[in-house]
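Visitor: This structure is in structure tokens; I'll ask about it shortly.
Read the figures in this text as sums done on the coordinates, not as results from a lab. The structure presented is a predicted model; accordingly, all values stated were derived computationally and were not measured. Here the Cβ positions follow ideal geometry from the backbone for every residue, glycine too, while neighbour counts run over all protein chains shown.
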């Protein structure tokens, strides 16, 4: 027994011998295989998710149909000459001399039938995708961008800045979302860009709060301190180190809320506050024909004028949700993988 | 009959990257009142071993084969409710992170009293009294007052003490402690280990101590199992292991720790890192890091053998899993262990002292390892 | 070591107080408290040396390390690098000074941005300071990876593909990229396995020899510090308790805290039978650190007033009782747990003599204690406790037992060449204190 420390000494375990000798086997420390970036890995995960891929195909198809529904002309030059929809969406067919009446049931000539003004519902549904989809994507893109910057600044700087910025958010959250959008449209009047503005005004706050919370977590990571210790400026720290690591939940949220925005646009349309009456937007189309849901002309209910636009909304929103869930799972799985490799197996 | 007998335990995890064998062919014995250490680096399979003893392996893992007998009864064939009775009551567990082991919405005292009421059928007052006594036993000051505190009002050391109190509350026969002091400061660690040691004796509880810290093992344990990449590589009494390690990995580990007062300029290292268990090297999984490795090591997987005879060793005998002891290597394990000031005279009661001149290890020259160790101390 | 040379880094009175609890509203109302994380620390770092700083969790190690580099803004004090005051430097100047002083982080998992490749992580300092671009940048990154024992084919991989030890090497390569003079290493090996820890420590030593670096190594593991440091400072509650050459600090004379810390290190040797010093109580909260010597609440060698003839353990126990009484409002706090039943009634129903026994049992005090005056004060206090008058009990004991350590905050007394200890036992007033070596 001894109270002296460090009595044991081992010699002869020559680590350098391992470095010097030829490797005994072809086993190597780092597993072979292509290195994969975050997005590549995410995409691989996503592709394995069947329902998400189905959603993606549906959305892609709807987007293509909307783009190729009617020719697109920019400043007199036709940039997109195709027309999948047989008629212009606002064309009242009997005015054009066709032998068509209002509320004609689906037939080969008019696969989705015609509406109360004898317009071709098939053409209108195809064309209407332009409104719904573009508003959805534009609103979400703009709100997410605003929310990202706002939340990042608040979260990164903290203190007073954060306090003030968050109180502004509370102010926006104090209004019921759709009601605020309704007020804005009522004040500004109906129209495409008015709708975009209304939904942007209520939408960005959620992203800002989400991203701020995420930033608060991410900025505790040592690599953020490490970047500062290297002499990086705030801008670099925020946009190279903090935001890229905080952005995953934002992307999930954004993909899920495209559907919400489309529903919101449809809802306003249904309330008669969307696009001008007669527009081929899906919600507005429903609004125009809502009385027929209860009592159609001549006692029959022309189901096709509500089912097809409504079905389009349903299909699009559900597909967007499938995509959103898929993105969520793909990004989640990555986080899990990181952790698993860090800890004990 | 030993208190706990584990035979040929194999645990697989099914992950996206493939099947991971976290524990393979593991056998050991723990006797009543014994303090048994399991040492290894992260990824060695220590924690999985502990979890499988309580059948707590997570979803993705499966105990593929083997037997775990506790007091002669096979834990693996028991019903789920029978295992629940064993857990906490006869085998208790202490984890590294005391904070997550305590439920933040109940007071510390209440959580312990609850266990006592549940397992031992105590009344409210009796359970409270026993809890206060336990808190006092594990060294929590003012136990009456702290009974009603919530976990967040305890410091890290105090939380770990409370967890120990909870583990001891039903007087278990076996206490599995998984890195119990790793998150704590040395002064607290010393106090808690000291306390654990005394309580184990007092309650006649066997301890399975899992840690990466060779200092902690030396202080607490009687016998030690060294694990590497899911397999046992050496099993010995604590004196044998520290003064006469037989497996090259143990030797490397022993030489890599900085020791206070050893006046070494440079630390010896084990090159490389522990393999990822998805893809374990062929043959002896330590061969890419072993300076004594030869061609044979990449082909043959060594079994745990008695280093003196090269015979296959029983599950409680001193053994090492290295081909050097079965005569399959051309070279020698030419390392030396020198223990300053430990001459033959001072070490009479000990098992097999190395040569006083430090010319210690000539393989196979120390027959009949005394596996009793310091059991009578 | 070489005190004749100019220090490369000189720290004076470095202080960092954190606002604790609450947000802006609490601050406005003056409700917040200050956590004294680092309180007036002085240190020098000489070129080419390694200064180890040890201490337990919560002693302010990391705060000190980060305040040194102004990664967190110090409350007061100066940090001079080659004579230039970092704390007064402008943001731009500070950014360029970061080329000279670098930092290595504790956690190899959170200190590398998981979204960047290893090449980009190591190359980042090159971009920030415009050190190299294009082909030169790639070459420099390859060089750096090679220097720390990785290979250039690792440059395109992501951090999650590496083990803890390899990640720590990447962190070291990143710090080396700017060719620094000083590197502050915050627990560089505490997250690593034993075998890997040795590799990293050796690497740090090799790099020091190769590039003439000076290190400040922060660690809680004393064996690591003993191995790597030339000089060591022992930190307790934001102040240095002891500072000196490694051999001096690890051998006597000791600060009582350093002595306890050393004795507590588990020795990887089953035959080792050193004496453990168990400290009483817990580390006090830095929100309200003790007056006088910060260690007096736990110190086994706390000084007795003149004329006292108590044994040291009795004295320590009496002070423990005094501290316990300070915020006690129930007898349970100061009495031992009853051995058998009887506990049901609680200590309030005990007779005077039984209460006395239970109090003495809790604090391991004999009856009577070996000093008459002390015994009478103790009895008096127990009498008052029996009456249920806690204030009087406190008063009785407060006046009788007061250590000089409670009043005087000891400065760092020189006890040898460059070896300083902040303990009154080593001061001029106590030349014959029994523990002086």
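Visitor: Among DSSP bridges having both ends in the protein assembly as shown, what percentage is antiparallel? Round to the nearest 5.
Guide: Of the beta bridges lying entirely in the protein assembly as shown, close to 65 percent run antiparallel.
Visitor: Looking at the square roots a ≥ b ≥ c of the eigenvalues of the Cα gyration tensor of the protein assembly as shown, which shape do they give, rounded for a/c under 1.5, prolate if a/b is larger than b/c, or oblate?
Guide: In terms of gyration-tensor shape, prolate.
Visitor: Here is a further query. Grab the alpha carbons of region A:89-134, take their convex hull, and tell me the volume per residue in Å³.
Guide: Working: hull volume 2.9 nm³, N = 46.
Cα convex hull per residue, to the nearest whole number: 63 Å³.
Visitor: If you rank B:81, A:257, C:311 by fewest surrounding Cβ atoms within 10 Å, what's the result?
Guide: Going from least to most buried by this count: B:81, C:311, A:257.
Visitor: Now a separate question. Let me know the volume per residue of the alpha-carbon convex hull for region C:101-140, in Å³.
Guide: With only Cα atoms used, region C:101-140 gives 81 Å³ per residue.
Visitor: Continuing with this model, one more query. Please average, across the residues of C:279-291, the number of beta carbons from any other chain that are within 10 Å of each residue's own beta carbon, and give a whole number.
Guide: Values: counts 4, 2, 1, 8, 5, 0, 1, 0, 0, 0, 0, 0, 0.
So the per-residue partner count for this stretch is 2.
Visitor: Cα axis of helix B:186-203 to longest principal axis of chain B: angle in degrees, 0 to 90, nearest 10?
Guide: Taking Cα atoms only, the helix is inclined about 80 degrees.
Visitor: Calculate for the protein assembly as shown the 222 nm mean residue ellipticity that helices alone would give, adding -39,500 (n - 2.57) per DSSP H run of length 4 or more and normalising by residue count, nearest 500 deg cm²/dmol.
Guide: After summing the helix terms and dividing by the residues of the protein assembly as shown, the value is -12500 deg cm²/dmol.
Visitor: Rounded to the nearest 0.05, what FRET efficiency is calculated for residue A:22 and residue B:328 with R0 set to 25 Å and r the Cβ-Cβ distance?
Guide: Efficiency, rounded to the nearest 0.05: 0.80.
Visitor: Take the Cβ-Cβ distance between residue C:399 and residue B:118 as r, set R0 to 60 Å, and report the resulting FRET efficiency rounded to the nearest 0.05.
Guide: After rounding to 0.05, the efficiency reads 0.75.
Visitor: Given N residues in chain C, what is its alpha carbon radius of gyration divided by 2.2 N^0.38 Å?
Guide: 1.18
Visitor: Please report Rg over Rh for region A:1-123, where both radii come from the alpha carbon positions and Rh follows the Kirkwood definition.
Guide: 1.59
Visitor: So if I restrict to the alpha-carbon atoms in chain B, what is the Rg, and what is Dmax, the biggest pairwise distance, in Å?
Guide: 21.6, 69
Visitor: Also, quick follow-up: In the Gaussian network model of chain A, springs joining C-alpha atoms below 10 Å, which of A:314, A:68, A:175 carries the largest mean-square fluctuation?
Guide: A:175
Visitor: Which of C:133, C:177, C:229 moves most in a GNM of chain C, Cα contacts under 10 Å?
Guide: The residue that fluctuates most here is C:133.
Visitor: Let me ask something else. Calculate the tail of P(r) for region C:312-402: the fraction of all Cα-Cα distances greater than 21 Å, expressed in %.
Guide: On the way: 874 of 4095 pairs.
Counting pairs separated by more than 21 Å, the tail of P(r) holds 21 percent.
Visitor: What is the distance, in nm, between label points placed 7 Å from the Cα along the Cα-to-Cβ direction at residue A:171 and at residue C:211?
Guide: Between residue A:171 and residue C:211, the simple spin-label model gives 5.0 nm.
Visitor: Return A:255, C:317 ranked ascending by Cβ neighbour count within 10 Å, so the fewest neighbours appear first.
Guide: Listed from fewest to most nearby Cβ atoms, that is C:317, A:255.
Visitor: Sticking with this one: Which whole number of Å³ per residue matches the convex hull of the alpha-carbon atoms in region C:254-391?
Guide: 167 Å³
Visitor: Quote the relative contact order of chain B in percent (integer), defining contacts as alpha-carbon pairs under 8 Å separated by 6+ residues.
Guide: Working: 727 pairs, mean separation 64.6, N = 377.
The value is 17 percent.
Visitor: To continue, here is another question. So what is the relative contact order of chain A, in percent, for Cα pairs below 8 Å that sit 6 or more residues apart? Could the numbers behind the result be given before it?
Guide: On the way: 449 pairs, mean separation 73.7, N = 345.
Value for chain A: 21 percent.
Visitor: Run the numbers on chain C and let me know its relative contact order in percent, using alpha-carbon pairs under 8 Å that are six or more apart.
Guide: Normalised by residue count, the contact order of chain C is 15 percent.
Visitor: Could you state the angle between the C-alpha long axis of helix A:192-218 and the longest principal axis of the C-alpha atoms of chain A, as a value from 0 to 90 degrees rounded to the nearest 10?
Guide: 10 degrees
Visitor: Let me ask another. If N is the number of residues in region B:213-336, what value comes out of its Cα radius of gyration divided by 2.2 N^0.38 Å?
Guide: 1.05
Visitor: Further question: If you find the alpha carbon centre of region B:181-252 and of region C:357-423, how far apart are they in angstrom?
Guide: Between the Cα centres of region B:181-252 and region C:357-423 lies a distance of 39 Å.
Visitor: Which shape class, rounded, prolate or oblate, goes with region A:51-128 when its Cα gyration tensor gives a ≥ b ≥ c as root eigenvalues, a/c under 1.5 marks rounded, and past that a/b bigger than b/c marks prolate?
Guide: oblate
Visitor: Region A:43-84 to region A:114-169: how many Å between their Cα centroids?
Guide: Taking the Cα centre of region A:114-169 as reference, the centre of region A:43-84 is 19 Å away.
Visitor: Can you work out the FRET efficiency for the pair residue C:15 and residue C:276, with r the C-beta to C-beta distance and R0 = 56 Å, to the nearest 0.05?
Guide: Working: r = 34 Å, r/R0 = 0.60.
So the FRET efficiency works out to roughly 0.95.
Visitor: What do you get for Rg/Rh over region B:4-221 if you use C-alpha atoms and the Kirkwood form of Rh?
Guide: Working: Rg = 17.3 Å, Rh = 17.9 Å.
Reported Rg/Rh, Kirkwood definition of Rh: 0.97.
Visitor: Report Rg (one decimal) and Dmax (nearest whole number) for region C:192-293, counting Cα atoms only, units Å.
Guide: When restricted to Cα atoms, region C:192-293 yields Rg and Dmax of 15.8, 46 Å.
Visitor: Let me ask something else. I need A:236, B:263, B:235, B:32 ordered by Cβ neighbour count within 10 Å, fewest first. Can you show the working numbers first?
Guide: On the way: A:236 17, B:263 11, B:235 29, B:32 14.
Sorted ascending by nearby Cβ count, the order is B:263, B:32, A:236, B:235.
Visitor: Given bins 10 angstrom wide, list per bin the percent of all Cα-Cα distances in chain A, short to long.
Guide: It works out to 5, 18, 23, 20, 14, 9, 5, 3, 2, 1, 0, 0, in whole percents.
Visitor: Right, here's the next one. Between helix A:304-342 and chain A, what is the angle of the helix's C-alpha long axis to the longest principal axis, kept within 0 to 90° and rounded to the nearest 10?
Guide: 0 degrees
Visitor: Given chain C, what percent of its DSSP beta bridges are antiparallel, to the nearest 5? Intermediate results must be reported in sequence, preceding the final value.
Guide: Details: 27 of 45 bridges.
The antiparallel fraction comes to roughly 60 percent.
Visitor: Could you order the peptides C:104-111, A:144-151 from most to least packed, using the average number of other C-beta atoms within 10 Å per residue?
Guide: C:104-111, A:144-151
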